[in-house]
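The values are calculated or read from the model by the stated rules, or taken from the named source; none is laboratory data. Worth saying up front: this structure is predicted, and the values here are computed from it rather than measured. Cβ placement follows ideal geometry from the backbone for every residue including glycine, while neighbour counts extend to all protein chains displayed. Side chains are part of the model used for accessible areas, which takes the heavy atoms of the whole protein and leaves out ligands, DNA and RNA. Shrake-Rupley method; radii C 1.70, N 1.55, O 1.52, S 1.80 Å.
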Amino acid sequence: MKMKRIISAGVAAAMLSSVILAGCGGSDSGEAEDGRKNLSVFIFANDHESAVYEDMIAKFEEDHKDTIANVDIQITTQEEYSKTLTGMMTAGDLPDVFYVGPESVEQFVENGYIANLQPILDEKGISTDGLVAQEALDSYRYDGEKAGSGDLYALPKDASVFAYAYNKDMFDEAGIPYPDPENPYTYEEFVEICEQFTKDTDGDGETDQWGCGMANAFMLQPFVWSNGAAYLSDDYKTVNIDTPEFKEALQKYVDLTLEYEVTPTVEQDASLGVYQRWLAGQEAFYACGTWDVAAFMDDETFPFEWDLCAYPTLSSGKTMTWLGTVGFCVSANSNNQEEATELISYLCTDEDGQKELSGITGGQSIQLPNIKSLAEGEFVTAIEDGTLAFPSNVDVFFNYLNGTDKYEGRFQETTYTPNAEWHDIFLEGLDNVKNGSMTVDEYIEQVQPQMQESLDEAWESVE
Amino acid sequence: MSETKVKPVRKKMNRAEFKEHCWGLAFVSPPFIGFLIFMAFPIAFAFVASLTKWNGMNDMMANFVGAENYIKLLGDEKFWKVLLNTVIYMIGIPIGMILALVIAVGMNRKIRGIKVLRTLYYVPVVSSLVAVAILWMWVFNYDYGLLNSIIKALTGAHGPNWLGDEFWVKVSIIIFMVWKGLGGSIILYLSGLQSIPRDYYEAAKIDGASGFNLFRHITIPLVSPVTFYLLITGLIGGFQVFVEVLVMVPTGGLNYSAATVVFYLYDKAFGNNQMGYGSAMAFILAILIFIVTAINFKVQDKWVKTIE
């Protein structure tokens, strides 16, 4: 009897819950009553970007009111984005348009989450030739086996560059000539300049001004690549950090802290991060991503004159850094793939929107213009005539982005692996080398097998 | 509901009884359905996931691997490392209990401003964990922190790199956790102390017991139910430490020296998309907590005394 009661209660509960759950997934609002389409968009953005995208979408709705009833845009933070997206994937409830990074294209395609845009782009005659960074564009191609070539699965919303910068005021004060972007420093020249900046300014016996500050997670790559080395093999399956080139690059990188003492020590970095020290005017050189420009141009954040420059060069003679990009893709399950593709092409290439985002109209600059003609024309003019607050060596960004005989930009190697754990493992104990308690050889011998194991697992997980 | 046409299942049950039954079910159904949707289903889902190589994107059942995740976990050096870290943090539990009992005894008397004092000790408990963890990051700061400033003023030497050193980072987190939990334990001990009848002490005093003996033979045994409760909740919470580490040492510390089991689990599942592996870790953790709690309940008869 008791059993029966439990069973009947269970059945009742199951029925009720199935009704509730059906309510969650059942409504497909791809089409409005009058036959026009509804689109949904899910992205991450900061406040300024959100406002620009909301304006662009309102304009898109207005321009396409014959075919589009409503575009619903949902915006979250970068930290929350991937968790929410995983939830949407698991629930089988993806929006029509969302963000994808180049590192996820292959997996998203293979698991049937994103649509091939190529047929739609071809049919609609939408050209991508005018986009500024063809390398960023190519990172969204996939040919069924590897990323980088084949059909397009996303359009880049931006291409970003992690360039280097110097504090002009400190150079003026020290009477040292500014770095010349046309002739990047060699490592030795860089050390020599940095040594001139490193000193104890208040006489308390402790260094409080440095040549540069180095954040392991982001700033070792330029040294490694410029020395002709890489973390991984060409097929991204083998950890290659025990090569002489890699070891030499890492040695030179830690020597800045240990041997030449031109960066804050590990302990000093723990007290106040190298980024904060740059903002406080304690370091002559620091990195500047395209997304940092607005903040560095703001006197309240960074009350110094500054400009862009190149990372020092090692044995290859080329100055290197990493690039980034985020792209708009269309859900493979979307009923409105054509309309969604039109929307993303609009968001990537609409002139007014791009002027807003890049700051040509006089606002903050959060990215380089996505359109080549804008980047080479109005953007440069706006910098020259002072409408846009931007460092004058803007070419540094474009040199890294497009590549020259002295400059090269690459995507981080984690872009091409299923996850970034192998790189996190490398960083976990790196401070032991930076504080001198381990040598480069000892550390690499210890950490390489762990990295390889993690990388093997990562590849295995997607096979 | 009143016009229900379903036939009564049991012959003996008349219409009125059945109606009552239905109403009863209707009333218990919200929490029951809530339990099914928000507890039972996720637990079952996680268990199934723990048997697969689900990465959040691939087809879960197509990547079924059986017990592989569990077997791999037992051979995962990093898992044992974070488990050891987690257990080390539990040193804070007895330290917190001893401090709390001593302070509670001190506060269990009429002093001017006692209410203010009790409130002050309780403030950390009601404060946001994230906010106070950020605050303590500054206390532990190498150059500008309160602790190292005090050490420097007293000894002239520079204090340790609290959050950057493999040993001191553990000390830091234990200190923080003791501080955060102290107020709650004090309140519980206070209520425990106040429920001990006065006459026990009086009788013992007549027999010539010293202050220490009163504490040792009356107070400690009679607050043992509180101690037991604190121990159980402390151990369960101790296995689940996460936010403290995430806020104060977001990278998991030098050589992962600060990471806990839940931190590693989160890192695996959400940082590296190994949802299956993360789920397996969550199950192992749940089993560990269950075993430790069961042992505690088993041995409680030996030391937990209640006032008859």
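In the context of the full set of protein chains, chain A has a per residue accessible area of 42 Å² (1.4 Å probe).
When you look at the Cβ of every residue in B:139-150, what mean number of other chain Cβ atoms sits within 10 Å? If you can, show how the numbers build up before the last one.
Values: counts 0, 1, 3, 8, 6, 2, 2, 0, 0, 1, 0, 0.
Mean number of neighbouring Cβ atoms from other chains: 2.
Considering only protein heavy atoms and a 1.4 Å probe, what is the carbon-and-sulfur percentage of the accessible area of the protein assembly as shown? Using a 1.4 Å probe with all protein chains present, the protein assembly as shown comes out at 58 percent carbon and sulfur.
Could you compute how much accessible area chains A and B hide from each other, both sides summed, with a 1.4 Å probe? Nearest 100 Å² is fine. Don't jump to the answer; show the numbers that get you there.
Working: alone 21190 and 18720 Å², together 36860 Å².
Buried area between the two chains comes out at roughly 3000 Å².
Rounded to the nearest 20, the Cβ-based charge dipole of the stretch A:101-223 about its Cα centre (Lys and Arg +1, Asp and Glu -1) stands at 660 debye. So for chain B, averaging the separation of alpha carbon pairs under 8 Å that are six or more residues apart and normalising by length, what relative contact order in percent results? So the answer I get is 26 percent.
So in chain A, what percent of DSSP beta bridges are antiparallel if you round to the nearest 5? Display every interim value, and only then the final one.
Details: 27 of 45 bridges.
In chain A, approximately 60 percent of DSSP beta bridges are antiparallel ones.
For the stretch B:75-303, the gyration tensor built on C-alpha atoms gives an oblate shape. Its axis ratio a/c (a ≥ b ≥ c) is at least 1.5, and a/b is not larger than b/c. When each of the peptides B:134-145, A:341-352 is scored by how many other beta carbons lie within 10 Å of its residues on average, the order from highest to lowest is A:341-352, B:134-145. The residues A:L39, B:L129, sorted by heavy-atom accessible surface at 1.4 Å with ligands and nucleic acids left out, run B:L129, A:L39 from largest to smallest.
So with the 1.4 Å probe, I'd like the accessible area per residue for the stretch B:15-72, rounded to whole Å².
Dividing the accessible area of the stretch B:15-72 by its residue count gives 61 Å².
If you only keep lysine pairs separated by 8 or more in sequence, or across chains, how many in the stretch B:113-241 come under 29 Å at the Cα atoms? Don't skip to the end; give the middle numbers.
Details: B:K115/B:K180; B:K115/B:K205; B:K152/B:K170; B:K152/B:K180; B:K170/B:K180.
So the count works out to 5.
Determine, for each peptide in A:394-404, B:53-63, the mean count of other beta carbons within 10 angstrom over its residues, then list the peptides with the highest first. Each step should come with its number before you reach the end.
On the way: A:394-404: 20.8, B:53-63: 18.5.
Put in order of decreasing packing, that is A:394-404, B:53-63.
In this structure, the pairs whose alpha-carbon distance is over 24 Å, taken from A:K247/A:K318; A:K252/B:K78; A:K199/A:K247; A:K168/A:K355; A:K124/A:K157; B:K53/B:K268, are A:K252/B:K78; A:K199/A:K247; A:K168/A:K355.
What does the helix-only formula give at 222 nm for the protein assembly as shown: each DSSP H stretch with n ≥ 4 adding -39500 (n - 2.57), the total divided by the residues, and the result rounded to the nearest 500 deg cm²/dmol?
Numbers: 37 runs with 408 residues, N = 771.
About -16000 deg cm²/dmol.
Using a ≥ b ≥ c from the Cα gyration tensor of the stretch A:326-463 (square roots of the eigenvalues), is it rounded, prolate or oblate, where a/c under 1.5 gives rounded and otherwise the larger of a/b and b/c decides, a/b for prolate? Here the stretch A:326-463 falls in the oblate category.
If packing is taken as the average count of other Cβ atoms within 10 Å, what order do A:302-312, B:90-100 fall into, highest mean first? Before the final figure, lay out the partial values.
Working: A:302-312: 20.5, B:90-100: 18.5.
So the order, starting with the most tightly packed, is A:302-312, B:90-100.
Computed over chain A, relative contact order equals 21 percent, with contacts defined as Cα pairs under 8 Å that lie 6+ residues apart. For a test of the definition: using alpha carbon positions, the gyration tensor, and the 1.5 limit on a/c, classify the protein assembly as shown as rounded, prolate or oblate. Oblate. Overall, the stretch B:163-221 carries a charge dipole of about 80 debye about its Cα centre when +1 sits on the Cβ of Lys and Arg and -1 on the Cβ of Asp and Glu, all other atoms neutral.
When you restrict to C-alpha pairs under 8 Å that are six or more residues apart and normalise by the size of the stretch B:15-72, the relative contact order lands at 22 percent. Put simply, the convex hull of the Cα atoms in the stretch A:275-322 casts, on average, a shadow of 3.8 nm². Remark: mean inter-chain Cβ contacts per residue of A:85-96 equal 2, using a 10 Å Cβ-Cβ cutoff to other protein chain atoms.
May I ask you to derive the FRET efficiency for B:W168 and A:Y260 from their Cβ-Cβ distance with R0 = 41 Å, giving the value to the nearest 0.05? Before the final figure, lay out each step's value.
On the way: r = 28 Å, r/R0 = 0.68.
That pair, B:W168 with A:Y260, gives E of 0.90.
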